[in-house]
Number of protein chains: 2
Amino acid sequence: MITTKSQQQLRIIPLGGLGEVGRNMMLIEWQEEILIIDMGFRMPEEDMPGIDYIIPNISYLKGKEKKILGLLVTHGHYDHMGAIPYFIGKLGNPPIYAGGMAKAIILRRQEDFPNQPKLHIIDVKDGSRFSIGSFSVEAFRQNHNITDNYGYVITTPIGNIVHTSDFKFDSSPVNDPPSDFEKLRDIGDRKILLLMSDSTNAEEPNHSLSEKKIMENLDELIKNAKGRIITATFASLLNRIQQIITLSEQYGRKVSPEGFSMKTNIEISKQLGYLKARKGTILSTREVLKYPDSKITILATGAQGEERAVLMRIVNREHPLLKIQRGDTVIFSSSVIPGNERTVQYVKDNLYRQGANVFNYKMLDIHASGHANQDELKEMIELMRPKFLLPVHGQFSMLVNHAKLAASSGIPEKNIVVMENGQILNVSKTGISVEKKTVPANYIMVDGLGVGDVGEVVLRDRQSLAKDGMFVLIVVVDRQTGRVKGSPDIISRGFIYLRESGDLLHQVRRRVVEIVNQSAGSGGAINWIYVRDNVKNKVGEFLFTKTQRRPMVLPVIIEV
Amino acid sequence: MITTKSQQQLRIIPLGGLGEVGRNMMLIEWQEEILIIDMGFRMPEEDMPGIDYIIPNISYLKGKEKKILGLLVTHGHYDHMGAIPYFIGKLGNPPIYAGGMAKAIILRRQEDFPNQPKLHIIDVKDGSRFSIGSFSVEAFRQNHNITDNYGYVITTPIGNIVHTSDFKFDSSPVNDPPSDFEKLRDIGDRKILLLMSDSTNAEEPNHSLSEKKIMENLDELIKNAKGRIITATFASLLNRIQQIITLSEQYGRKVSPEGFSMKTNIEISKQLGYLKARKGTILSTREVLKYPDSKITILATGAQGEERAVLMRIVNREHPLLKIQRGDTVIFSSSVIPGNERTVQYVKDNLYRQGANVFNYKMLDIHASGHANQDELKEMIELMRPKFLLPVHGQFSMLVNHAKLAASSGIPEKNIVVMENGQILNVSKTGISVEKKTVPANYIMVDGLGVGDVGEVVLRDRQSLAKDGMFVLIVVVDRQTGRVKGSPDIISRGFIYLRESGDLLHQVRRRVVEIVNQSAGSGGAINWIYVRDNVKNKVGEFLFTKTQRRPMVLPVIIEV
């Protein structure tokens, strides 16, 4: 086989995770071989009502199923593996490389999706090596806020690529050994052609907080709390959950996990032996509530004010067993995801109203991000000394600021590339270039059972309906005379309170009858499409004049 | 007249601003006299699509118009005076006491509302004293981020009340003299019965930043910027705007205000002589763009990523004159209001994409809040040494934390009251108590021309329409036979993409015909309400099974 120049290039194609937080999915293509790193989803934006998740667009991979050699999963967070059930079957069910925790979460999630192929999961451990087609892959442990988080060194025919996974450096983490700088230095010594590094905290100065500091502050709070403790955190922050369990044991508290995902994740971790808890520490809420208040810890979901999570149900007095009582201490051990500030404030206000003491990360360091701040990102660059750098995982502004950091750390600007999803990076031994051509990387929206069936049109309609509601006019017309029979029906929702708007509706009906009858009166064949548009426009204008609102006006003309 | 004990009590009734940020309105009632402090609106919550503003409920004042002696306006921000045009006529057009800046903004806003009575505005200056019924009122200057901001000492028959307005202590502010501690100490010496103090930053530790520090950092940025400067801030932060103009002049830049509210506020301030700018500094954008890039400052609105503001139009390439070019420096001199984080990130990302350098308050102190942090709140308490404290202005959690601060400053807990809107505080010389009875204080929503006509029902419909859309079924039935004529019409928006759902729609139509014909077939009079409910429920269930979505199903049965 003659290899042309272009065939001696690697192609790096991000399908998600660049210019956004979440939905991570990266392709590495070498001639007829494709390796995938991660397959995640993300949460919808605020202007996407009704949407459950957004997943990558994999149409580029259509027809290339045979080339896909495998999926490397970095860790068990949904933004890195949550899209697997939507795609894995369509992609020819390639082997999945995943650490123990990620594997267990992938398998558990798979149960929610019927008719899935049996997954082929290959266990990844620190130092595991795999030969996958022309690639050889080595996994290396990285600290994050879930255990079994792996970066990958991928040896390709033209050089070594390192993908950091989400990471931070922590010299005293929980449930995991500290960052293994020796190993990282060793990897750096192998000569790294391309580094793909986590940018999530590239706009945060200094060094991320150590979990040790968090532990100390949580210790202080739990030690001093007189009543019950309710903690609110992500079910995915398994290391944080471990801290709370350990400290609760230390102060004689029993712990009850509340919320489906919390119970599931704790169960998985216990089965894998990752979660350390004495026998009898973890009880059901019903059992825990038999103990005195000072011996109770409730591990709840809902730190983001999620509508159906435990904390929201407690605050809204909808929880069957738990109500806030004076003297409860509620600890938010989580940051607030941008966009959730108002709901979290709602929860916080109502906790105070019901007599709880509230602590959050703004008042005390009781949450640490799982991502590297600027100092750590620089350190990673110094350890790896890569020829080329591709910032991954983060909003566009984070990628740019990561690139600026790298430039200030001595990587020549021409060797740093800030990319967007769907762009194609060609990497050779000597240079990198972004192709003009792109592959589809738009949002694929998941709404209930529908994947990708909610598009621009449906979403725009939802936004419009939300703003001013809708106004359906049903006009029955006599086929013979072309004239309106009876009074038009009006169905309106989300526009105004109809019962108090009799006069307005009366005027609308009168206008509609006039418009339709005039069209009929003009003689000749009636152009009903024209009449309908006319009704729509005139009623729309009329309603706007009267209310300054623009409901969606939908006229229906029925000939009988 | 025999005065009973209850008649010797003051009644303090907050109609807005407690347990929320904005919509400030406070009543002070003594026997047959009512004094109002502020009359503001607030922005809607995220789950209130289509709503423009929320204003207080003033139904308590209905029938009491003659008792209202006046409205004290603290300053010219909309959360303190924005509801005036909705209410002032209904309340018998009482006199308004306002500083020069607030007066000008009130009058300008009034122009947007036709058929308003002529306002009676009495000028307030630092030290102004007014005798209003049984009250005597003295205004005192307070630092904030707009000039002419006044706190009020209200001498009542039972003692002195102090309302701080929004405030912070600043020893080196912009456009205003520094905090007048001597005056405040003098007020405190008069023996204060009740202090109502701003709680907005009661959860922020230490002291607020001085505008001097902000000035230094802005100076650094503007000095070093090589290309054009675009600043994004609130049009209401007039002191910040002054800083940017002053610094621009210092470095030879011409300044162009962009955005309706920015232009209006600058014009008002200039007319009042509050805004200091050399002749020829402030130009139109068209004129400014004739200068070299290094001589241009654009003062834009849109720091919150507001949809129709200047910055958003620039970023979306919809602005007629301004496009981002490589080398532009964009300075966000504003904090991000909770809930706006994602839109601001969108703007920031797109500024970077288009080649701008971006600076915000997270990277550098280029914005200071206008509110007192914990140290200043304590200082205010120490200056006033009030017998009773009522924390005002802020989310419930902020009121609680303000109360905790006060307790730690030595005010006995029984003398501190955390209240909600609509509660009634009775104040006597010796004690305070909250009445069990409350007055209406719910949200009144403004949507277009409608005030209060969007209520729970309409809002719930909007939320529901936004989530899964709607599905209208129109069934024409033969009056004689009770059987369906032709095929039912379906109008659906925001649910699924209809063109690709032919099969689903076909199945729905078939089911509807079956349900209706079965009802008809049963003999006897047909209960159409029952049939309609039946169609609604069965179609709803069917659609949910097929899609896991719950559009609003609205069947219409037309007999012909």
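Looking only at region A:455-466, count how many residues are facing chain B (nearest Cβ under 7 Å), touching a residue at least 60 places away in the same chain (Cβ under 8 Å) and in contact with a strand residue (DSSP E or B) (Cβ under 9 Å, 6 or more places away or on another chain).
Counting residues in region A:455-466 that are facing chain B (nearest Cβ under 7 Å), touching a residue at least 60 places away in the same chain (Cβ under 8 Å) and in contact with a strand residue (DSSP E or B) (Cβ under 9 Å, 6 or more places away or on another chain) gives 3.
Does B:Gly76 meet the test of being surrounded by 20 or more Cβ atoms within 10 Å (Cβ to Cβ), more than 14 Å from chain A (Cβ to nearest Cβ) and in a loop (DSSP other than H, G, I, E, B)?
yes
Can you find a residue in region A:409-425 that is within 11 Å of chain B (Cβ to nearest Cβ), at positive phi and surrounded by fewer than 19 Cβ atoms within 10 Å (Cβ to Cβ)?
no
Mind checking which residues of region A:457-484 are surrounded by 15 or more Cβ atoms within 10 Å (Cβ to Cβ), more than 46 Å from the chain's Cα centre (by Cα) and more than 19 Å from B:Ile490 (Cα to Cα)?
If the condition is that a residue be surrounded by 15 or more Cβ atoms within 10 Å (Cβ to Cβ), more than 46 Å from the chain's Cα centre (by Cα) and more than 19 Å from B:Ile490 (Cα to Cα), then A:Gly482, A:Val484 are the ones that fit.
When you scan region A:473-519, how many residues do you find that are of a type outside the set (Gly, Ala, Ser), without any contact (Cβ under 8 Å) to a residue 12 or more places away in the chain, more than 22 Å from A:Tyr530 (Cα to Cα) and assigned to a helix (DSSP H, G or I)? Talk me through it step by step, then tell me what you get.
Restricting attention to region A:473-519, the residues satisfying the condition of being of a type outside the set (Gly, Ala, Ser) are A:473-481, A:483-485, A:488-491, A:493, A:495-500, A:503-518.
Remaining after also requiring without any contact (Cβ under 8 Å) to a residue 12 or more places away in the chain: A:480, A:497-500, A:503, A:506, A:510, A:514, A:518.
Checking the rest, the ones that are also more than 22 Å from A:Tyr530 (Cα to Cα) come to A:497-500, A:503, A:506.
Checking which are assigned to a helix (DSSP H, G or I) leaves us with A:498-500, A:503, A:506.
Qualifying residue count for the region: 5.
When the residues of region B:323-349 are filtered to those that are surrounded by fewer than 22 Cβ atoms within 10 Å (Cβ to Cβ) and either modelled with pLDDT of 95 or more or over 25 Å from the mean Cα position of the chain (by Cα) (or both), which remaining residue is nearest to the other protein chains (Cβ to nearest Cβ)?
Among them, the one singled out is B:Asp349.
Could you please let me know if A:Ser487 is in contact with a strand residue (DSSP E or B) (Cβ under 6 Å, 6 or more places away or on another chain), surrounded by fewer than 17 Cβ atoms within 10 Å (Cβ to Cβ) and more than 7 Å from chain B (Cβ to nearest Cβ)?
No.
Could you count how many residues in region B:543-560 are facing another protein chain (nearest Cβ under 9 Å) and of a type in the set (A, V, I, L, M, F, W, C)?
6
Name the pairs whose Cβ atoms lie under 7 Å apart, with the first residue in region A:534-560 and of a type in the set (Asp, Glu), the second surrounded by fewer than 21 Cβ atoms within 10 Å (Cβ to Cβ), and 6 or more positions between them or separate chains?
Filtered contacts from region A:534-560: A:Glu559/A:Arg479.
How about region A:363-379: which of its residues are within 23 Å of the chain's Cα centre (by Cα) and under 21 Å from A:Val344 (Cα atoms)?
A:Ile366, A:His367, A:Ala368, A:Ser369, A:Gly370
State whether one or more residues within region B:356-372 are within 14 Å of chain A (Cβ to nearest Cβ), more than 27 Å from A:Asn340 (Cβ to Cβ) and not acidic (Asp, Glu).
Within region B:356-372, one or more residues are within 14 Å of chain A (Cβ to nearest Cβ), more than 27 Å from A:Asn340 (Cβ to Cβ) and not acidic (Asp, Glu).
Let's see how each residue does on (1) of a type in the set (Val, Ile, Thr); (2) touching a helix residue (DSSP H, G or I) at 6+ places or on another chain (Cβ under 9 Å):
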{"residue": "A:Asp170", "(1), (2)": "no, yes"}
{"residue": "A:Lys183", "(1), (2)": "no, no"}
{"residue": "A:Asp186", "(1), (2)": "no, no"}
{"residue": "A:Leu195", "(1), (2)": "no, yes"}
{"residue": "A:Ser210", "(1), (2)": "no, no"}
{"residue": "A:Asn217", "(1), (2)": "no, no"}
{"residue": "A:Ile222", "(1), (2)": "yes, yes"}
{"residue": "A:Ala232", "(1), (2)": "no, yes"}
{"residue": "A:Asn239", "(1), (2)": "no, yes"}
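Is there a residue being under 30 Å from B:Ala309 (Cα atoms) and out of contact with any Leu (no Cβ under 6 Å at 6 or more places or on another chain) anywhere in region B:384-393? Write out each step before concluding.
Kept after step one, since they are under 30 Å from B:Ala309 (Cα atoms), are these residues of region B:384-393: B:393.
Applying the additional criterion that residues be out of contact with any Leu (no Cβ under 6 Å at 6 or more places or on another chain) yields B:393.
So far as region B:384-393 goes, yes, one or more of its residues are under 30 Å from B:Ala309 (Cα atoms) and out of contact with any Leu (no Cβ under 6 Å at 6 or more places or on another chain).
Could you look through region B:467-484, keep only residues that are in contact with a Phe, Trp or Tyr (Cβ under 9 Å, 6 or more places away or on another chain) and more than 10 Å from chain A (Cβ to nearest Cβ), and pick out the one that is modelled with the highest pLDDT?
B:Phe471
Give B:Ile13, B:Ile36, B:Ile54 a once-over and let me know the one that is part of a strand (DSSP E or B), surrounded by 24 or more Cβ atoms within 10 Å (Cβ to Cβ) and modelled with pLDDT of 95 or more.
Being part of a strand (DSSP E or B), surrounded by 24 or more Cβ atoms within 10 Å (Cβ to Cβ) and modelled with pLDDT of 95 or more holds for just one of B:Ile13, B:Ile36, B:Ile54, which is B:Ile36.
Does B:Lys118 count as basic (Lys, Arg) and in a loop (DSSP other than H, G, I, E, B)?
Here the answer is yes, as B:Lys118 does meet what is asked.
Which ones in region B:286-303 are in contact (Cβ under 8 Å) with a residue 60 or more places away in the chain and in a loop (DSSP other than H, G, I, E, B)?
Selection gives B:Thr301, B:Gly302, B:Ala303.
When you scan region B:222-253, how many residues do you find that are among the charged types (D, E, K, R), over 22 Å from the mean Cα position of the chain (by Cα) and buried (at least 20 other Cβ atoms within 10 Å of the Cβ)? Let's see the steps before the verdict.
The first filter runs over region B:222-253 and keeps only residues among the charged types (D, E, K, R), leaving B:223, B:226, B:228, B:240, B:249, B:253.
Now drop any that are not over 22 Å from the mean Cα position of the chain (by Cα), which leaves B:223, B:226, B:228, B:249, B:253.
Next, only the ones that are buried (at least 20 other Cβ atoms within 10 Å of the Cβ) stay: B:228, B:253.
Result for region B:222-253: 2.
Out of everything in region B:490-525 that is modelled with pLDDT under 85 and away from chain A (no Cβ under 14 Å), what residue ends up being nearest to A:Lys467 (Cα to Cα)?
B:Ser519
For the condition buried (at least 21 other Cβ atoms within 10 Å of the Cβ), assigned by TED's automatic domain parsing to the domain that holds A:Leu399 and either more than 27 Å from A:Asn401 (Cα to Cα) or of a type in the set (S, T, N, Q) (or both), what is the one hit in A:Ser197, A:Ser172? If you could, list the steps in order and put the result at the bottom.
Values: A:Ser172 fails: buried (at least 21 other Cβ atoms within 10 Å of the Cβ).
Only one candidate qualifies: A:Ser197.
Every residue in region A:270-285 that is at pLDDT below 95, part of a helix (DSSP H, G or I) and over 15 Å from A:Thr246 (Cα atoms), please.
A:Gln271
Does B:Val539 meet the test of being under 24 Å from A:Ile557 (Cβ atoms), in contact with an Asp or Glu (Cβ under 9 Å, 6 or more places away or on another chain) and either more than 14 Å from chain A (Cβ to nearest Cβ) or outside any helix (DSSP H, G or I) (or both)?
For B:Val539, the condition - under 24 Å from A:Ile557 (Cβ atoms), in contact with an Asp or Glu (Cβ under 9 Å, 6 or more places away or on another chain) and either more than 14 Å from chain A (Cβ to nearest Cβ) or outside any helix (DSSP H, G or I) (or both) - is not met.
I need a count of the residues in region B:432-454 that are part of a loop (DSSP other than H, G, I, E, B) and either facing another protein chain (nearest Cβ under 9 Å) or touching a residue at least 24 places away in the same chain (Cβ under 8 Å) (or both).
Selection size over region B:432-454: 9.
Got a sec? Which of B:Gly17, B:Gly92 is small (Gly, Ala, Ser) and within 24 Å of B:Asp126 (Cβ to Cβ)?
Within the list B:Gly17, B:Gly92, the selection yields B:Gly17.
The values are calculated or read from the model by the stated rules, or taken from the named source; none is laboratory data. The structure presented is a predicted model; accordingly, all values stated were derived computationally and were not measured. So basically every Cβ, Gly included, is an ideal-geometry build from the backbone, and we count neighbours across all protein chains shown.
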